[in-house]
1. Mind checking which residues of the stretch 372-408 are in a loop (DSSP other than H, G, I, E, B), surrounded by fewer than 20 Cβ atoms within 10 Å (Cβ to Cβ) and of a type outside the set (A, V, I, L, M, F, W, C)?
2. Considering each of 97, 76 in turn, give the residue that is part of a strand (DSSP E or B) and either modelled with pLDDT under 95 or not assigned by TED's automatic domain parsing to the domain that holds residue 425 (or both).
3. Which of the residues spanning the stretch 464-504 are outside any strand (DSSP E or B), modelled with pLDDT of 90 or more and surrounded by fewer than 18 Cβ atoms within 10 Å (Cβ to Cβ)?
4. Only one of 256, 187 is more than 15 Å from the chain's Cα centre (by Cα) and of a type in the set (A, V, I, L, M, F, W, C). Can you tell me which?
5. Within the stretch 218-234, can you find the residues that are touching a Phe, Trp or Tyr at 6+ places or on another chain (Cβ under 7 Å) and touching a residue at least 40 places away in the same chain (Cβ under 8 Å)?
6. Run down 188, 198, 167 and say which single residue is closer than 24 Å to residue 278 by Cβ, of a type in the set (Ser, Thr, Tyr) and outside the structural domain of residue 314 (by TED's automatic domain parsing).
7. Identify all residues within the stretch 263-285 that are in contact with a Leu (Cβ under 9 Å, 6 or more places away or on another chain) and crowded, with 24+ Cβ neighbours inside 10 Å; write none if there are none.
8. Assuming residue 221 fulfils every condition listed in (1) in contact with a Ser or Thr (Cβ under 7 Å, 6 or more places away or on another chain); (2) surrounded by 20 or more Cβ atoms within 10 Å (Cβ to Cβ); (3) of a type in the set (A, V, I, L, M); (4) over 15 Å from residue 249 (Cβ atoms) apart from one, which condition is it?
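The values are calculated or read from the model by the stated rules, or taken from the named source; none is laboratory data. In this text the structure is predicted, and so the values were computed from the model without any measurement. As a convention, Cβ positions derive from the backbone with ideal geometry for all residues, glycine included, and neighbour counts pool all protein chains shown.
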Amino acid sequence: MTDIIVAESDGWSGIVAALRRAQPGDRVLIGPGRYAGDETLVVQSGVTLSGCADANLEFTGGIDDLSGITQGAWVTQLPYRDQGSLQFTMRMASAKTPGKVALQVRHAEDVTVEGLRLTAWRGLKDLDSGHFDGSMILLESTTRCLVQNCALYSMAWRGPAIVFRSSSDAKVLNNDIFGGYWGIALLSSRGLIEGNSSHHCHEAGIYLQPDPDDLNRPSDAVIRSNHCYDNGRGGVVLKSSFSEAIAGNVCRHNELSGISLERYHKSPDVPSQAIIRGNYCHDNLNAGIVLMSSVCEVIEDNECWNNNLPGILLTRFDLSPEAPSQAVIRSNRCHDNADAGVALVSSSSETIESNECWSNATSGIVLSRAKMSPHAPSSAVIRRNRCFDNQAAGVHLLSADSEAIESNDCWDNGLSGIVLARCELTPGKPSRSVIRVNRCHHNADSGILLGASNSDSIEGNECWSNERNGISIEGVNASPVLPSVAALRMNFVASSGASAIQFVASTGSAEGNLFKIIVRTMY
């Protein structure tokens, strides 16, 4: 192994020359100083390129001809509630004229790039392009390559800061990335992305998708302990790709969602799949965590707050309206969102359990139907959640199905603790659920409310100190009247404002229920 030392007096061309003569096992060490140049740095197999803290590299290569560049845009919809959908625009461009890459590794293995402080200025601040020419660090067809402890500053929205194409065992560790089209991108590649800060990128901080030239090969990466913020699209985005673990990341102040699993528009039949655990997603302009026609084994132990859409949202991708999202949603904390805490839109969950949803602008947990798929109800078992201080309901079903809503605590909500109702998109479809062993108290309406919906069993619930009714089974004034149907058994109802149990234009049975009435005497 030989150390090849480059001094400031050698300049950028000295780095180029050192890399050309380096052999496998050699290290090219860049000394203190300023280095500027427009020739691509090419690193061969087995070589380490290492910069010191006082070495500043400025890549001045750019695009000489803009005549071949065209821009286009398409609009996609993110449906999230029965009233409509949110539109946002994703822009792409095609380029016939390639831009230069600052550093390139191709058909190589066991390369390390570390400790570089690299700025790339191309004079094209607002050129939208998802192409790979113009990348800062481009690794193609590589194995066991590592990029770590680098500081990358892209002064143009062209090309990713770090991109792996058709590579395996890639590692991207502890880098600070400012700008670029994507901060870190894997395309038909596998690897580990850990400990990076990726921010102020035109699109996503971290991005996985199949390579457009290899659609049958999804990307797959562990994405752990990264900080993705102030990006123009999302914090972490997977498109038709996989992650064994998206864990311990902080995704904040992104212009779309914190973490997003979607389908690539060229692979609309391939869902993204991941385990999402222990992330902090807050102050994003869309959802904290969103699945669009994608699948998670589990979304667990995340905290999602102050997002403009739900803290956690499962919905359908507009190019795959027949494909629901699916996930177990467990032990998350979703609060202070401008929509719901947890929302399923024409999607399903084996279980939504042990979550805490509070101070959200609509309901704590809501199941509804997508405008693009009104025939498809959401479904979930909803168990052992704590939903409180939400402006609407604690748990809210809109033309949705739940095998069981059980053992939840719902209190201090602006409407009722638990609501089953009909979605405006499908007024002919009631919600259905068994409702048992819940505790619903101090809500501004009823403890449990059915509006033109059905329950085979409302059993063993405790409802007290609600402002209107303990349990209210109501029809909807339509033509004809749409009744609710419910069987009530062994519920405990105390000191509600109007009635303990009320049936209005509805049918059912009530047996074995217990009532406690508090009488206040005034002297």
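1. Those that are in a loop (DSSP other than H, G, I, E, B), surrounded by fewer than 20 Cβ atoms within 10 Å (Cβ to Cβ) and of a type outside the set (A, V, I, L, M, F, W, C): 374, 375, 384, 389, 391, 407.
2. 76
3. Across the stretch 464-504, the qualifying residues are 465, 467, 490.
4. The unique qualifying residue is 187.
5. Within the stretch 218-234, just 218 meets the criteria.
6. Matching residue, one of 188, 198, 167: 198.
7. 263, 271, 272, 274, 276, 284
8. (4)
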